[in-house]
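Taken together, the values in this text are just the output of simple stated rules run on the coordinates, not laboratory data. These figures come from a predicted structure and were not determined experimentally. Using ideal geometry, Cβ is built from the backbone for each residue, glycine included, and neighbour counts are taken over all protein chains shown.
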Amino acid sequence: MSEAPTSPLADLRDDVVACRACPRLVEWRERVAREKRASFADEEYWGRPVPGFGDPGARVLIVGLAPAAHGANRTGRMFTGDRSGDWLFRALHRAGFATQPDGRARDDGLELLDAWLTATLRCAPPGNRPRPDERKNCRPFLEREFDWFLPRIQVVVALGGYAFDHVLRILRDRDWPVPSPKPGFGHGVEVTVEGDEGALILLGSYHPSQQNTFTGTLTEEAFDALWARARACLDGAPSGD
């Protein structure tokens with residue numbers, strides 16, 4: 001599904017793609033796009049900030065860290081073209097949140113169902129390590145996605161501790177009653193926050209990075225259980241605690 005050309009999401013996409021607010025990230029993403037990885041030498045890299053994508057009517061918001069240098073920075077779509085994305089889209093497909101189990105290019109026909117996929121940063125950071133000022137510069141883009149999807153979204157899935165903490169920070173700053181002390185991150189951690197705009201369930205998930213999947217820190221069984229829980233939350237199932 002795609003948003004209407006004049007929708008706030010379309011305006012947001014244009015603003016994301018045009019952003020040059022962080023000189024370090026601009027230099028890095030464009031250098032990677034010029035030098036390329038040997039296996040992708042014949043491809044034209046995207047080399048720009050990567051917008052979110054998915055179902056404009058989504059009730060599930062999925063937040064990652066940032067585009068991968070030779071993944072989304074190459075293809076121009078979040079989690080597309082790398083092994084983390086392979087894991088994610090397979091799991092989303094099994095849970096009924098994606099129309100196909102793989103994503104290789106922006107025009108491959110993949111659609112998300114009742115889900116929107118985004119990230120805390122829209123440019124690939126060197127070493128996957130964004131700086132605080134870069135996170136601050138990029139935050140308004142995610143805030144605008146919250147503005148669009150609330151109060152419709154019921155579940156936010158944070159892929160990794162960085163995204164988990166970032167989402168909690170945004171909710172707290174928007175005067176949502178985030179528990180204190182701040183909940184610790186872990187796979188399957190579930191935090192329910194009830195604000196003026198309704199109830200929101202934040203689910204923490206280990207990031208499907210090669211480091212986590214190759215070492216068995218994240219298994220397909222555990223990842224599937226996370227998405228099954230997201231689906232159950234939409235259906236109003238109580239927590240298993």
query = Would you list 116, 28 from fewest to most Cβ contacts within 10 Å?
reply = 28, 116
task = Calculate the spin-label point distance for residue 189 paired with residue 20, positioning each point 7 Å from the Cα along the beta-carbon direction, and give it in nanometres.
result = 3.9 nm
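Set the Förster radius R0 to 25 Å, insert the Cβ-Cβ distance between residue 197 and residue 94 as r into 1/(1 + (r/R0)^6), and round the FRET efficiency to 0.05.
Working: r = 30 Å, r/R0 = 1.21.
So, using R0 = 25 Å, E works out to roughly 0.25.
How high is the FRET efficiency between residue 129 and residue 173 when r is their beta carbon distance and R₀ equals 30 Å, given to the nearest 0.05?
Values: r = 23 Å, r/R0 = 0.77.
Plugging the Cβ-Cβ distance into 1/(1 + (r/R0)^6) gives 0.85.
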message = Treating only the Cβ of Lys, Arg, Asp and Glu as charged (+1, +1, -1, -1), what charge dipole size does the chain show about its Cα centre? Round to the nearest 20 debye.
response = 820 debye
Segment residue 41-residue 215, extension gain: residue separation times 0.36 nm, minus the distance between their alpha carbons = 59.7 nm
query = For the chain, what is the Kirkwood estimate of the hydrodynamic radius, computed as the reciprocal of the mean inverse distance between distinct Cα atoms, to one decimal in Å?
reply = 18.0 Å
query = What list do you get for 34, 135, 74 if you sort them by fewest beta carbons within 10 Å?
reply = 34, 135, 74
Phi to ³J(HN,Hα) by Karplus 6.51 cos²θ - 1.76 cosθ + 1.60 over the stretch 226-234, Hz, x for Gly, Pro = 5, 6, 5, 5, 4, 5, 5, 4, 5
